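These notes are about the structure you will find just below.
The values are calculated or read from the model by the stated rules, or taken from the named source; none is laboratory data. Since this is a predicted model, take the numbers as computed values, not measurements. Counting neighbours? That spans all protein chains shown, and the Cβs are built from the backbone with ideal geometry, glycine included.
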Amino acid sequence: MRPHLFSKLLLIFSFTFSFAQNEVTVEGSVVEQDTNIPLEYATITFKSKPDNNIVAGEITDSEGKFSTDVPVGTYDIIVEYISYKTKNYNNKSITENINLGTVALALDIESLDEVQVVAERTTVEIKLDKKVYNIGKDITTAGGTVSDALNNVPSVAVDIEGAISLRGNENVRILINGKPSALAGFGDSNVLSQLPAEAIERVEVITSPSARYDAEGTAGILNIILRQKETLGFNGSVSLSAGNPDNVGLSANLNYRTEKYNLFTNLGWRYFDAPRNSYNDVTYFDELLDDGTVNTPDFRRIIEDQEVERLNRNYNVSLGMEYFLTETSSITGSLFYRLGSDADLSLNESDRYNNGAIVERTLRREKEVEEDNSYQFALNYVKQFGDDRDHKLTVDFQYEKDKEEGSTFLNEDYVFSDQIDPDFIQIEQELTDEDQKEFLIQADYVLPIGEDSRFEAGFRGNYENEVTDYRLNQENETTGNLDINENVSNVFDYDENVNAIYSQYGTKFGKFSFLLGLRLEHTQLKGKIDSRLTEEELQAEYDFPIDTDFDNNYLGLFPTVNLIYNLNNPDSDTEESITLGYNRRINRPRGWYINPFPSRSSRTNVFQGNPNLEPAYSSAFDLGYLKRWENFTLTTSIYYQHETDSFERVEENTGQQTTGINIIRTIPINLSSNKRTGAELGFLYTPAKWLRLNSSFNVFQFETDGDFNGVDYSAKNTSWFARFSSKVSLPLKIDWQTNAFYRGAQQDAQTDSDGILSIDLAFSKELLNNNLTMSLSVRDLLNSRKRQGTTTTEFFERYSENQWRQRQINLSLIYRFNQQLNKRERSGRGEGANGEDDFDFEG
């Protein structure tokens, strides 16, 4: 492809000021040869003879017209447009005003094919502080979700429950277009399983974030950049998908762009049934009490077999407008709305054993319904100063609100029991209302210094409030009524306020570039618990100190250093570089990690927050290497991270029982340290036009050290994961893609987890002059994506199997219209729409 239009114009304009005498006017128009459609932003360049210097230049307007003044003389006139054949007027003598008439340019088919090949291929770019993966035409995720697409990005893994990890670490920050967003569900990555994969343009894997980014996320940041069309006029795409288990989705991306404004919208609707299942086999041990006596459990062994039907209906819509105030400034406003309606029905059969014989069986029914409404309003203002597009000010304001209303009805009945008068099992109803609000105010200023240096400074204020109203109603054995349990019901009002300022400086000299930054953040974590129980009663009930009205403040400095050294040989076709990064990060406990009131996954298993949790801090080093040949790209890195006060979830016996079964709670704690060391290797290889290969391998070791309530939870473990993807272009415009992923076995303080294998298969065919793509995909071909593991504590041993989503077969259709000319960028406008700007010092 030809050089960027705006860069070329800067060069052209730098010469025009030298000529102000004996000028004449040259005008004309440029159109597409076959359709006579005017071509806006076509370039007309005048080179003087015989020295061949650029004397003047012009671009066409929205009607394809141009007019420029040049000194009298003889010129080579070049008319060019991206993906079209160039037209030359050589040795043209210009002595008076002339009109070149209508210049018709023909499509350059070979060039256009090259552009399309690049656009379909997943490529990697190495930046000073990130790796950028341009999502190609991944047909295995056609009709799928953002979570499905992320699972094909190197260094990233999405587990069976939708949790996202980066290099095996789940404390990863998710951003949308460079900012926290309601599209990412206020930090709940499960929302990403509701957004269509086709919305993604690229994913930035930021393992060594610079100072411009929020310091949250010890593993790093995943910045998801959504597609935004640049083509003038009305264009877009519509996709339809259907599958088994029941999965129907319809989405549309529409865009209308003129010289003065750009209107865009994304609409989506999805209905799906995502059945899941789980199996738990628990053996309980005798417990030695403090007084020396032995507590023997009522049941030695309990086997639970659960089947869950999950019906989900999701609607989302985003509307936006970018308005170009001047040639150097624009303002963008957008509104996003999402409605989720879920209905889950769970059947859990529980068999209880003593002395190897079954003594009791119950069937528990759980019916859960949830309504989730969220919306986001955002404003973005970009101002460029002078002719330098890199000298600019960006200001953002964002407001988000989310409301969730959930109800769970639990009813457990005996199938049989060897007891004459078995324990009474209460009917229970859980009611949860959650209201979340978040404000974001951000300003970033970028000042270029000379040709190869840049200074940046900014401010970000993020203010979040979450109110959780939890009520537990339980059946009264005497009256049969559902009475509120005052000991558990509560209202938790939680605030997280973060104010930050930063500055950073980057420069390039020779083959060496660096980016140094420093970020100062003040964090306020404030919470108030409204409960019938006093602090003393809460401490006695839950066996740790609880502050019902806390206000914790933390001030931290977060330095970042990113270096890159280009090893390129000017005479070589290869690209080669070495990168080195250091950053300090923070992991702030979220509201549900702090709320001390338990939330139940069943009557016998609860999750309980820890109000004494402190933020965790980490320091990380990353050394990377990239080498790119014509058809082969190799990336590799080694990394080390040391985290203090790291979070670890542990399971322990509460000492309480229900119907003779011990209640087990899971609680997050601050362990003293977590050391993580790892290495990764990846390659992209295109040995032929019909074959593309993509693979990555990541191995890591983590070591935790700490204790809680007298129990040592130290552990050391090595694990790995790998992925492989191949895409074969078959005759008749048919593509065949296979993706395979394997995560090795791993251990933590209490659980040994088995390895997981998953294989995806897909075929696609282009129709209607490549405007329609039909895809058939099978995700988890072998139905093997299951979490299996054994958890061992001093009170019990549990073997478990969990399958969050069964094998999925999808058929999808994607129709694109008026996008065939979308091969250019609008010069110098809309830079703020895609999030963070880049330091492109690597050349």
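Beta carbons closer than 9 Å, at least 6 apart along the sequence or on distinct chains, pair a first residue in region 30-43 that is farther than 13 Å from THR86 by Cβ with a second that is of a type in the set (Ser, Thr, Tyr) and not in a strand (DSSP E or B) for GLU32/TYR81; PRO38/THR60; PRO38/SER62; GLU40/THR60; GLU40/SER62; TYR41/THR60; TYR41/TYR81; TYR41/SER827.
Yes or no, residue by residue, for (1) at pLDDT 80 or above; (2) under 28 Å from ASP752 (Cα atoms); (3) surrounded by fewer than 16 Cβ atoms within 10 Å (Cβ to Cβ):
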{"residue": "PRO598", "(1), (2), (3)": "no, yes, no"}
{"residue": "VAL606", "(1), (2), (3)": "no, yes, no"}
{"residue": "ASN610", "(1), (2), (3)": "yes, yes, no"}
{"residue": "TYR617", "(1), (2), (3)": "yes, yes, no"}
{"residue": "GLY624", "(1), (2), (3)": "yes, no, no"}
{"residue": "SER637", "(1), (2), (3)": "yes, yes, no"}
{"residue": "VAL650", "(1), (2), (3)": "yes, yes, no"}
{"residue": "ASN653", "(1), (2), (3)": "no, yes, no"}
{"residue": "GLN656", "(1), (2), (3)": "no, yes, yes"}
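Can you tell me which residues in region 472-484 are exposed (fewer than 15 other Cβ atoms within 10 Å of the Cβ) and at negative phi?
Passing the criteria: ASN476, GLU477, THR478, THR479, ASN481, ASP483, ILE484.
Against the list (1) part of a strand (DSSP E or B); (2) at pLDDT 80 or above; (3) not hydrophobic (A, V, I, L, M, F, W, C), the condition GLU201 fails is (2).
Can you name the residue in region 524-540 that is of a type outside the set (S, T, N, Q) and surrounded by 16 or more Cβ atoms within 10 Å (Cβ to Cβ) and, of all such residues, is farthest from ASN612 (Cα to Cα)? This residue is LEU533. Please go through region 248-266 and pick out each residue that is buried (at least 21 other Cβ atoms within 10 Å of the Cβ) and among the polar types (S, T, N, Q). Across region 248-266, the qualifying residues are SER251, ASN253, ASN255, ASN262, ASN266.
Do we find that TYR337 is under 30 Å from THR296 (Cβ atoms) and among the aromatic types (Phe, Trp, Tyr) in this structure? The answer is no for TYR337. Taken over region 446-490, the criterion of being under 16 Å from LEU515 (Cβ atoms) and not charged (D, E, K, R) is satisfied by VAL446, LEU447, PRO448, ILE449, GLY450, SER453, PHE455, ALA457, GLY458.
Per the conditions (1) modelled with pLDDT of 80 or more; (2) under 23 Å from the mean Cα position of the chain (by Cα); (3) at negative phi, the sole criterion not satisfied by GLU836 is (1). Taken together, SER758, SER784 contain a single residue that is of a type outside the set (A, V, I, L, M, F, W, C), at pLDDT 90 or above and assigned to a loop (DSSP other than H, G, I, E, B), which is SER784.
If you filter region 385-436 down to residues that are among the polar types (S, T, N, Q) and in a loop (DSSP other than H, G, I, E, B), you find that the one that is surrounded by the fewest Cβ atoms within 10 Å (Cβ to Cβ) is GLN419. Being part of a loop (DSSP other than H, G, I, E, B) and either out of contact with any Leu (no Cβ under 9 Å at 6 or more places or on another chain) or assigned by TED's automatic domain parsing to the domain that holds THR604 (or both) is a property that THR478 has. For a quick check of your reading of the model, give me the residue pairs whose first member lies in region 356-380 and is assigned by TED's automatic domain parsing to the domain that holds SER334, whose second is β-branched (Val, Ile, Thr), with beta-carbon atoms closer than 6 Å and at least 6 apart or on different chains. From residues that are assigned by TED's automatic domain parsing to the domain that holds SER334, the pairs are ARG361/VAL415; LEU363/VAL415; GLU368/THR408; ASN380/THR332.
Looking only at residues of region 793-811 that are among the polar types (S, T, N, Q) and modelled with pLDDT under 90, we find that the one that is nearest to GLU651 (Cα to Cα) is THR793. From the list LYS137, LYS131, the one residue that fits, being closer than 30 Å to ASP735 by Cβ, at pLDDT 70 or above and either outside the structural domain of TRP736 (by TED's automatic domain parsing) or of a type in the set (S, T, N, Q) (or both), is LYS131.
The sole residue among PHE550, PHE492, PHE544 that is in contact with a Pro (Cβ under 9 Å, 6 or more places away or on another chain), at pLDDT 90 or above and farther than 30 Å from GLU680 by Cβ is PHE492.
Taking region 385-422 as the range and being touching a Gly at 6+ places or on another chain (Cβ under 6 Å) and at pLDDT below 90 as the test, only ARG389 passes.
Scan region 645-696 for residues that are assigned to a strand (DSSP E or B) and basic (Lys, Arg) and jot them down. So that I can check it myself, show each step before the final result.
Residues of region 645-696 that are assigned to a strand (DSSP E or B), as a first pass: 647-658, 661-670, 673-688, 691-696.
Scanning region 645-696 gives ARG649, ARG665, LYS675, ARG676, ARG692.
Picking from residues in region 773-808 that are surrounded by 16 or more Cβ atoms within 10 Å (Cβ to Cβ) and aliphatic (A, V, I, L, M), the one that is farthest from SER725 (Cα to Cα) is MET774. Just the residues that are within 27 Å of LYS675 (Cα to Cα) and within 30 Å of the chain's Cα centre (by Cα), please, taken from region 706-742. Scanning region 706-742 gives ALA715, LYS716, ASN717, THR718, SER719, TRP720, PHE721, ALA722, ARG723, PHE741, TYR742.
Hey, among the residues in region 37-57 that are touching a helix residue (DSSP H, G or I) at 6+ places or on another chain (Cβ under 8 Å) and part of a strand (DSSP E or B), which one's farthest from ILE94 (Cα to Cα)?
The selected residue is THR43.
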